[in-house]
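Below is one structure, written out as structure tokens; the observations come after it.
The values are calculated or read from the model by the stated rules, or taken from the named source; none is laboratory data. Because the structure is predicted, anything quoted here is derived from the model rather than measured. Virtual Cβ from ideal backbone geometry, glycine too; neighbours counted across all protein chains shown. These area figures cover heavy atoms from the full protein model, side chains too; ligands, DNA and RNA do not enter into them. Shrake-Rupley method; radii C 1.70, N 1.55, O 1.52, S 1.80 Å.
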Amino acid sequence: MCRLFLLLVTIWGISGCSARYTPPVERAALPAEGKIALLVNINEHPKHSHIGTTIFNNFVKEYEYDWQMEQEVYKTLSEEISSRTKFEVVNLSAYDIGDIKQVNFVGVQDKAWTFLGENEALRKKLLTQGVVAVISVTDTRTLAELACSNLGCTEFYSEGYGLFTRSFFGMDRYYASSSFHISAEIISEPVDLVLLEELWQLNRYNNKNKLLDDFSDPKNFENISEQEMQPLKESILSYLAAIGRQVAKYLNGEIKQQKKS
């Protein structure tokens with residue numbers, strides 16, 4: 001019983017079920033018009049992160065395929081948001097911003113939404129130029145799979161977007177890995193959209209890393225062709241389109257989290 005309790009606590013903590021407190025939101029009181037600033041700062045080339053039966057089988061390989069992923073990600077999110085909302089999407093890189101730390105504006109303190117002080121000058125500058133919300137995407141190492149037993153859980157990580165594979169005694173699993181850090185914050189009033197339930201769920205590791213049951217075994221596992229990798233790109237962009245659609249719903253005021261009585 002003790003082991004089972006520890007296992008459940010471990011899974012609960014890793015899955016992020018208790019990792020956030022979200023202050024209540026009735027709806028985002030956005031201006032009648034404005035701009036959504038989007039920053040995409042990712043590696044141009046996909047990676048294959050592989051975890052084998054032993055650590056000696058593990059490897060990470062980058063493929064120099066011309067996916068033009070930074071432009072594709074920007075286009076996907078921009079089209080989903082601009083076509084579904086009243087807002088204009090602008091490229092945040094035009095504001096001489098390239099570091100993800102510069103666009104961290106919103107936090108939770110004392111169970112209430114608040115603006116963080118370190119980037120307040122930039123937030124006010126963006127507001128004067130009509131920007132009411134900021135979205136950013138950068139590639140990062142992410143949890144891709146959990147292997148749990150009555151002894152606990154082992155975590156396996158994807159080292160970048162592309163392909164994550166897990167092999168165990170000849171059995172292979174293929175994942176389209178959207179290994180990104182995604183931020184979406186309203187800066188005209190303090191709301192971190194990623195903390196809201198639907199977007200929080202989309203950002204969970206098992207949604208970022210989608211198991212592909214129909215992915216065909218490549219001819220050469222350690223040298224996968226661009227054609228064989230193409231379904232991964234399509235799956236990743238489909239995931240980001242879902243992110244864009246959910247952000248658009250929030251920007252349109254479709255927030256289900258009501259104030260607690």
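Please compute the Kirkwood hydrodynamic radius of the chain from all pairs of different C-alpha atoms, in Å with one decimal.
One over the average 1/r among Cα pairs gives 19.8 Å for the chain.
With a 10 Å cut-off between alpha carbons and a GNM built on the chain, which of 122, 92, 77 moves the most?
Per the Cα network of the chain with a 10 Å cutoff, 122 tops the list.
Send over the Kirkwood Rh of region 144-255, from the inverse of the averaged 1/r over different Cα pairs, rounded to one decimal Å.
Computed over region 144-255, the radius equals 15.8 Å.
Summing +1 for each Lys or Arg and -1 for each Asp or Glu, what net charge is found among the other residues whose Cβ lies under 14 Å from the Cβ of residue 79?
0
Please report the accessible area of residue 65 (heavy atoms, 1.4 Å probe, ligands and nucleic acids excluded) in Å², nearest 10.
Roll a 1.4 Å probe over it and residue 65 shows about 40 Å².
So which lysines pass the test for residue 75, namely a Cα distance under 24 Å, with those fewer than 8 places away in the same chain ruled out?
Filter leaves 35, 47, 86, 101, 208, 210, 233, 249.
At 222 nm, what helix-only mean residue ellipticity would the chain give, in deg cm²/dmol to the nearest 500, using -39500 (n - 2.57) for each DSSP H run of four or more?
-9000 deg cm²/dmol
Given +1 on the Cβ of Lys and Arg, -1 on the Cβ of Asp and Glu, and no further charges, what dipole in debye does region 154-261 carry about its Cα centre, rounded to the nearest 20?
About 420 debye.
Can you give me the relative contact order of the chain as a percent, contacts being Cα pairs under 8 Å and 6 or more apart?
Relative contact order here is 26 percent.
Keeping every protein chain in place, order 45, 181, 50 by accessible area at 1.4 Å, biggest value first, i.e. largest first.
181, 45, 50
Find the accessible area per residue for region 133-223; the probe is 1.4 Å, ligands and nucleic acids are left out, and the unit is Å².
44 Å²
If the viscosity is 1.002 mPa s and the temperature 20 °C, what translational diffusion coefficient in µm²/s does Stokes-Einstein give for region 75-201 when Rh comes from Kirkwood over Cα pairs?
For the chosen part, D equals 124 µm²/s.
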